[in-house]
Every structure is written in C-alpha cells, then in structure tokens.
Amino acid sequence: MRYELCASQEIPEGQSKAMKAGETKLVVYHLSDGFYATQARCPHVFASLGKGKILKDKCVQCPLHRAEFDIRTGEVVKWANFPPGVQMLNVVRGEKPLDTWPVSEENGQLYVEI
Ligand code: FES
C-alpha cells in the first residue's frame, strides 16, 4: 500500500526523519542518490534509529550499541559492538537486517510503498 509521507524539502540531504505510514513506524533518509526508508527500531534491542547517525552516505549507526546497517538494503554492516561486553547480549540478540521500503518523490512529495 502507498502512503504519502511529507514534502521532500523537510528532509535535507544527509539527514533523516522518523515518521509513521499507517501503523508502520519508519525512518526516512535523504542520501546523495535519493530517499530511503527503514524500520524505525533497531532489531538488536529496539533503540530508535531516528536518533542514529548517518555514516558515509551509506549506513545508519544505532545510537545505543552502534550497530551499523546499510540504509539502501537493510543489511547488517557491523553488529552491536559498544560498550565492551555487549557481545554477551549478542548471544541472545543475534544479527538481523532492517526491513526497508521503496520511497518515491513526485511533485516535491515523498511516498512510501509498504
Ligand atoms: S539497540 Fe541498536 S545496537 Fe543495540
């Protein structure tokens, strides 16, 4: 199903915004080649990726244990690695990619297909 999100100018390049599309919470990112959407919560222990950092026009870094995910594909680039000792938690919270959804831009508006 297709949902209208916001005006594309509300998300400057290099930034992201947490929002909702129907019942789905997501984060929309503006990278150099367009807009992308991922699930809003980190699959490790559910920190908000809307507060994450965008690294090298490619990854979002979770603000809690610094897992990194490829924004375009959702793949795990680096799993939770901070602070030292988090590996104990990783025994029960193993690697899991992000859900992603295609975002399109029409007449200055962003839409997501879920
Ligand atoms: S909650 Fe995101 S890395 Fe732990």
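When you filter the GluC sites (Glu not before Pro) in segment 30-112 for DSSP loop state and at most 15 other Cβ atoms inside 10 Å of their Cβ, you are left with 75, 95.
Annotation: aspartates and glutamates with alpha-carbon distance below 20 angstrom to residue 78 (same-chain offsets under eight excluded): 57, 68, 70, 95, 99.
Within the chain, the cysteines lacking any other cysteine Cβ closer than 4.7 Å to their own Cβ are 6, 59. Contact order for the chain, expressed relative to its length and based on alpha carbon pairs under 8 Å spaced 6+ residues apart, stands at 27 percent. Which of the lysines could a cross-linker bridge to residue 20, judged by Cα under 25 Å and excluding same-chain residues fewer than eight apart? Leaving aside lysines fewer than 8 places away in the same chain, those within reach of residue 20 are 51, 53, 58, 96.
For a quick check of your reading of the filter: which chymotrypsin sites (Phe, Trp or Tyr not before Pro) in segment 5-63 sit in a DSSP loop and have no more than 13 other Cβ atoms within 10 Å?
On the way: sites: 29, 35, 36, 46; in loops: 46.
Here the sparse-neighbourhood loop sites are 46.
Taken over segment 2-113, the percentage of Cα pairs per 10 Å bin, counting from 0 up to the bin with the maximum distance, is 15, 48, 27, 8, 1. The amide H of residue 77, built 1.01 Å from its N in the peptide plane, has 68, 69, 70 as neighbours under 5 Å, considering only residues 5 or more places off or on other chains.
We did not get these values from a lab; they are worked out from the coordinates using the rules stated. In this text the structure is predicted, and so the values were computed from the model without any measurement. Positions of Cβ are backbone-derived with ideal geometry, glycine not excepted, and every protein chain shown enters the neighbour counts.
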